[in-house]
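*Asks:* Just passing along the structure, written as structure tokens.
The values are calculated or read from the model by the stated rules, or taken from the named source; none is laboratory data. These numbers were taken from a predicted model, which means no experiment stands behind them. Please note: Cβ atoms are built from the backbone with ideal geometry, for glycine as well, and neighbour counts cover all protein chains shown. For the accessible areas, the whole protein counts, side chains as well, though only heavy atoms, and no ligand, DNA or RNA atoms are used. Shrake-Rupley method; radii C 1.70, N 1.55, O 1.52, S 1.80 Å.
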Amino acid sequence: MMLADFGAEVIKIEKPVTGDTLRAWPPINAGFSENFASLNRNKKSIALDLKDAAERALARDLALAADVVIENYRPGVMARNGLDFRTLSKIKPSLVYCSISAFGQTGPRSGEGGFDLTIQAAAGVMSVTGTPGEAPVKCGVPIADFAAGAYGAFAVSAALRKAAQTGQGEHIDVSMLGVTLGFAALQTSEYFGTGEDPQKLGSAHPRNAPYQAFRAKDGYFVMAAGNDRLWSSVCRVVERPEWVEDARFITTSERTKNQVELCALLEAIFSSSDAAHWVETFTRRQRALRADQHLFADFERPAGRAHGLGAGLGASQRRRNQDFHLPRSAVGQDYRAPFAAAETRTAPRRNYLLASWRRRKRASRRRGITRGENGCRIDAVSQLCRRRDQGRVRRDQRTGRRRSRTRVAGRPGGP
């Protein structure tokens with residue numbers, strides 16, 4: 001998705017009928033999964049059964065027509081289908097091929113699968129998350145899943161540049177375990193530096209204080225004073241200027257060493273007012289100290305709206321959504337998330353026409369692309385889709401099976 005946000009044409013291959021299982025995940029709005037849409041914007045989709053020889057051949061042709069192939073099967077699956085890097089790179093040496101798996105393509109655990117939860121546990125993230133003395137807690141955001149995608153996108157971008165310069169592609173091996181350990185650099189460096197396992201501290205920081213959630217009169221808020229100057233501001237806000245010179249709190253190291261005592265002293269003061277009062281006070285006095293009371297607070301504030309954060313991502317929308325802010329000219333076309341595979345699998349031509357009819361016409365004129373009477377592009381991918389459907393018709397004629405032919409994506413303007 002990050003590559004698509006930067007303008008790459010991304011074609012997602014899904015299994016027939018049901019498509020990506022994420023399509024069924026709630027919340028469902030207007031028949032579309034918001035979860036699926038949030039991870040698939042700007043992508044296009046085609047449904048192929050890789051167990052079928054003819055459709056597997058189409059997937060192979062599509063891979064060879066691309067600059068990059070990204071897959072997340074267990075090691076060995078793509079080789080059995082004749083879609084692995086070794087096979088494809090013999091035909092197209094410049095191909096950049098990215099494999100994302102739980103434990104990498106080699107090693108004693110390479111054949112194992114993995115989910116975000118199990119990788120967080122294997123990488124030790126759960127051992128440093130949560131409250132001391134309590135059961136292991138996973139990070140509320142699927143960091144292992146997302147880190148693997150982010151590392152993969154970055155590596156692909158670098159490999160594409162090399163391929164453009166040398167004509168030689170790469171096989172990028174991204175393991176969820178490896179990238180999660182990479183994100184845990186502060187904790188892993190602590191282990192190698194001291195020989196001791198890092199400990200869970202709740203919301204507190206092992207090397208900085210005050211830097212955690214604090215209880216106020218009506219709930220919690222978060223405050224981070226990451227240096228001595230900000231600590232002086234805290235002392236002024238809570239009207240305890242003498243703490244600046246207090247030997248227990250005079251440096252960041254001393255405040256960290258005594259952060260349990262410091263937390264108790266601060267919460268005794270914070271309990272006099274609501275959390276909103278302290279957030280507003282810290283924000284007014286020192287912006288670097290402000291912190292919000294819930295995850296999506298910034299979505300409703302001017303800063304969040306200015307960057308387009310927090311908008312619904314349902315597949316029925318035709319607007320752009322990004323996790324980063326770029327000038328309009330720096331991003332690719334604006335696509336919705338691809339429609340359900342069950343609706344598009346039997347479309348006789350291209351089953352991922354998601355841009356508006358007007359925009360496709362403009363793009364066609366710029367690129368010199370020919371279109372059929374119903375607006376479908378006549379290009380290599382369209383030919384692949386046509387060959388796929390013709391093969392299905394021949395098989396159905398032999399077996400006597402009748403197949404529904406819903407032409408959802410073939411009409412101008414899309415579904």
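*Asks:* Filter segment 2-12 down to the residues that are surrounded by 20 or more Cβ atoms within 10 Å (Cβ to Cβ) and either free of Cβ contacts under 8 Å to residues at least 12 places away in the same chain or β-branched (Val, Ile, Thr) (or both) and list them by number.
*Replies:* Result: Val10, single match.
*Asks:* Ala155 passes all but one of (1) open to solvent by 60 Å² or more (accessible area, probe 1.4 Å); (2) in a helix (DSSP H, G or I); (3) touching a strand residue (DSSP E or B) at 6+ places or on another chain (Cβ under 7 Å); which number fails?
*Replies:* In the conditions (1) open to solvent by 60 Å² or more (accessible area, probe 1.4 Å); (2) in a helix (DSSP H, G or I); (3) touching a strand residue (DSSP E or B) at 6+ places or on another chain (Cβ under 7 Å), Ala155 misses (1) alone.
*Asks:* Which of the residues spanning segment 213-234 are farther than 21 Å from Asp274 by Cβ and either β-branched (Val, Ile, Thr) or free of Cβ contacts under 8 Å to residues at least 12 places away in the same chain (or both)? Spell out how you get there, then give the answer.
*Replies:* First, the residues of segment 213-234 that are farther than 21 Å from Asp274 by Cβ: 226-232.
Selection gives Arg229 alone.
*Asks:* Output the residues belonging to segment 1-38 that are within 19 Å of Ser157 (Cβ to Cβ), under 16 Å from the mean Cα position of the chain (by Cα), among the hydrophobic types (A, V, I, L, M, F, W, C) and not in a loop (DSSP other than H, G, I, E, B).
*Replies:* Matches in segment 1-38: Met2, Leu3, Ala4, Val10.
*Asks:* Could you list, in sequence order, the residues of segment 168-198 that are open to solvent by 70 Å² or more (accessible area, probe 1.4 Å) and not in a helix (DSSP H, G or I)?
*Replies:* Answer for segment 168-198, where residues must be open to solvent by 70 Å² or more (accessible area, probe 1.4 Å) and not in a helix (DSSP H, G or I): Gln168, His171, Asp173, Glu196, Asp197.
*Asks:* Go through (1) modelled with pLDDT of 95 or more; (2) part of a helix (DSSP H, G or I) one by one and return the number of the condition Ser127 breaks.
*Replies:* All conditions pass for Ser127, except number (1).
*Asks:* Kindly list the number of the only condition in (1) open to solvent by 20 Å² or more (accessible area, probe 1.4 Å); (2) in contact with a strand residue (DSSP E or B) (Cβ under 9 Å, 6 or more places away or on another chain) that fails for Asn81.
*Replies:* (2)
*Asks:* Still on this structure: Would you please name the residue that is nearest to Glu112 (Cα to Cα), looking only at residues in segment 74-101 that are among the aliphatic types (A, V, I, L, M) and more than 26 Å from the chain's Cα centre (by Cα)?
*Replies:* Going residue by residue through segment 74-101, those that are among the aliphatic types (A, V, I, L, M) are 77-79, 83, 88, 91, 95-96, 100.
Of the ones still in play, those that are also more than 26 Å from the chain's Cα centre (by Cα) are 79, 88, 91.
Values: Ala79: 16, Leu88: 24, Ile91: 30 Å.
Per the criteria, the residue is Ala79.
*Asks:* Residues Glu112, Glu34: which one is touching a Leu at 6+ places or on another chain (Cβ under 9 Å), surrounded by fewer than 21 Cβ atoms within 10 Å (Cβ to Cβ) and not hydrophobic (A, V, I, L, M, F, W, C)? Walk me through how you get there before you give the answer.
*Replies:* Values: Glu112 fails: touching a Leu at 6+ places or on another chain (Cβ under 9 Å).
Result of the check over Glu112, Glu34: Glu34.
*Asks:* Kindly list the number of the only condition in (1) at pLDDT 95 or above; (2) within 29 Å of Gly140 (Cβ to Cβ) that fails for Thr251.
*Replies:* Unmet for Thr251, out of (1) at pLDDT 95 or above; (2) within 29 Å of Gly140 (Cβ to Cβ): (2).
*Asks:* Applying the selection to segment 41-71, what residues are under 22 Å from Ser157 (Cβ atoms) and surrounded by fewer than 16 Cβ atoms within 10 Å (Cβ to Cβ)? Give the derivation first.
*Replies:* Looking only at segment 41-71, we keep the residues that are under 22 Å from Ser157 (Cβ atoms), and these are 41-44, 62-71.
Selection gives Leu64, Ala65.
*Asks:* Being surrounded by fewer than 21 Cβ atoms within 10 Å (Cβ to Cβ) and of a type outside the set (Val, Ile, Thr) is the filter here; which residues of segment 21-31 pass it?
*Replies:* Of the residues in segment 21-31, the ones surrounded by fewer than 21 Cβ atoms within 10 Å (Cβ to Cβ) are 21-22, 24-31.
Listed by number, the residues that qualify are Leu22, Ala24, Trp25, Pro26, Pro27, Asn29, Ala30, Gly31.
*Asks:* Same structure, new question: Of all helices (runs of 4 or more DSSP H) completely enclosed by segment 45-96, which ones contain at least 1 residues that are modelled with pLDDT of 95 or more, touching a helix residue (DSSP H, G or I) at 6+ places or on another chain (Cβ under 7 Å) and at negative phi?
*Replies:* Numbers: elements: 53-64, 77-80, 85-91.
Helices (runs of 4 or more DSSP H) meeting the threshold: 53-64, 85-91.
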